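See structure below.
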Amino acid sequence: MLSIRQIHPVFVGEVLGADLTRPLSPADVATLEAGMDRYAVLLVRDQDITDDQQMTFTLNFGEIENARGGNITKPEEYRLKRGMIDVSNLDKDGKPLERNDRRRMFNLGNRLWHSDSSFRAKPAKYSILSARTVASQGGNTEFADMRAAYDMLDDATRATVEDLVCEHSLIYSRGSMGFTELTEDEKAMMKPVRQRLVRTHPVTGRKSLYLSSHAGTIVGWPVPEARDFLRDLNEHATQRELVYIHRWRLHDLVMWDNRQTMHRVRRFDESQPRDMRRTTVAGEAMTAEQAEAA
Ligand SMILES: [Fe+2]
């Protein structure tokens, strides 16, 4: 039987008694789902799993998200099989990407606070990240609780955000880092989508701020005013008390609810391999009506 203990004052649980190389019982799946609803981030230590075991585990929580349109890496450059998202610093041959490699520069966007796939009309539910080779220094992943961030808004700001809708795109997050050289095909693939700024969790009913570096505009607002306001909200939402810093150990597995949290990865020595493999549970609903049929 699994159990979960909270390891941060605000959120984040550690799962004890799990062996993810084996199929989970329905009771264990229910425990993990309830744990995700409550803690929003779960850590499971010492899970030496294969890609197939990770995908099997992921399917307990929904469908695997279609990765199309999430990266500029071409299919022939993929290191991992379909269903696995490569968030390592490695090329197809397992070597660290060169400093000026376009894929590396694009992936540097993961160092900005974000929610996975907020650039999709139907954004991700959970992300599940498995540490296969860890950085010797740095490379922490930080998480922020967007429910607490919402709860801590002052009344006037809470009223302001209530019905706002943002436009999210990889063009905005990468553009904010100066990565602007995109082909016409890439730009078409990264067409902005609309997301509500306040989400309500389908199970717990808790509200959260739905922020992400992919958010670049607020519908109906002048762009500089929207960016200023979003920057302010991001600063509020990532204040130290609301952030859990995960220091990776080999074979850690961390899963998080993208509907209730943001995350970012920190710098590390990129001459060394850092092999992190993600699976993503597809979202079940859109947060806002889209501007036009996709
Ligand atoms: Fe991410």
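Restricting attention to segment 128-146, does a residue exist that is at pLDDT 95 or above, more than 28 Å from Asn89 (Cβ to Cβ), open to solvent by less than 70 Å² (accessible area, probe 1.4 Å) and assigned to a helix (DSSP H, G or I)? No, that holds for no residue.
For residues in segment 178-193 being in a helix (DSSP H, G or I) and free of Cβ contacts under 8 Å to residues at least 24 places away in the same chain, which is surrounded by the most Cβ atoms within 10 Å (Cβ to Cβ)? Even if it seems obvious, please write down each step before you answer.
At the first step, the residues of segment 178-193 found to be in a helix (DSSP H, G or I) are 184-189.
Checking the rest, the ones that are also free of Cβ contacts under 8 Å to residues at least 24 places away in the same chain come to 184-185, 187-188.
Values: Glu184: 7, Asp185: 9, Lys187: 12, Ala188: 10.
My answer is Lys187.
Inclusion of Asn107 among residues that are in a helix (DSSP H, G or I) and within 16 Å of the ligand (Cβ to nearest atom) is warranted. With a requirement of 1 or more residues that are touching a Lys or Arg at 6+ places or on another chain (Cβ under 6 Å) and either β-branched (Val, Ile, Thr) or open to solvent by less than 20 Å² (accessible area, probe 1.4 Å) (or both), none of the strands (runs of 3 or more DSSP E) lying completely within segment 1-66 satisfies it. One residue stands out among those in segment 110-123 that are of a type in the set (Gly, Ala, Ser) and more than 9 Å from the ligand (Cβ to nearest atom): the one that is least open to solvent (accessible area, probe 1.4 Å), which is Ser118.
Out of segment 171-225, which residues are charged (D, E, K, R) and over 16 Å from Glu235 (Cα atoms)?
If the condition is that a residue be charged (D, E, K, R) and over 16 Å from Glu235 (Cα atoms), then Arg174, Glu181, Glu184, Asp185, Glu186, Lys187, Lys191, Arg194, Arg196, Arg199, Arg206, Lys207 are the ones that fit.
Number of residues in segment 221-272 that are acidic (Asp, Glu), in contact (Cβ under 8 Å) with a residue 24 or more places away in the chain and more than 16 Å from the ligand (Cβ to nearest atom): the value is 3.
So, of the residues in segment 82-91 that are in a loop (DSSP other than H, G, I, E, B) and under 20 Å from the mean Cα position of the chain (by Cα), which turns out to be surrounded by the fewest Cβ atoms within 10 Å (Cβ to Cβ)? Full working, then the answer.
Let us first name the residues in segment 82-91 that are in a loop (DSSP other than H, G, I, E, B), namely 82-84, 87-89, 91.
Still in the list and also under 20 Å from the mean Cα position of the chain (by Cα): 82-84, 87-89.
Values: Arg82: 10, Gly83: 17, Met84: 21, Val87: 19, Ser88: 20, Asn89: 24.
The residue in question is Arg82.
List the pairs whose first member sits in segment 4-15 and is within 14 Å of Leu242 (Cα to Cα), whose second member is open to solvent by less than 30 Å² (accessible area, probe 1.4 Å) and in a loop (DSSP other than H, G, I, E, B), and whose Cβ atoms are under 6 Å apart, counting only residues at least 6 apart or on separate chains? As it stands, the answer is Phe11/Ala40, since those pairs meet every condition given.
The values are calculated or read from the model by the stated rules, or taken from the named source; none is laboratory data. Nothing here was measured: the structure is a model prediction, and the numbers come from that model. For neighbour counting, all protein chains shown are included, and Cβ atoms are generated from backbone atoms with ideal geometry for every residue, glycine included. Please note that ligands, DNA and RNA were not included when accessible areas were found on the heavy atoms of the full protein model with its side chains. Shrake-Rupley method; radii C 1.70, N 1.55, O 1.52, S 1.80 Å.
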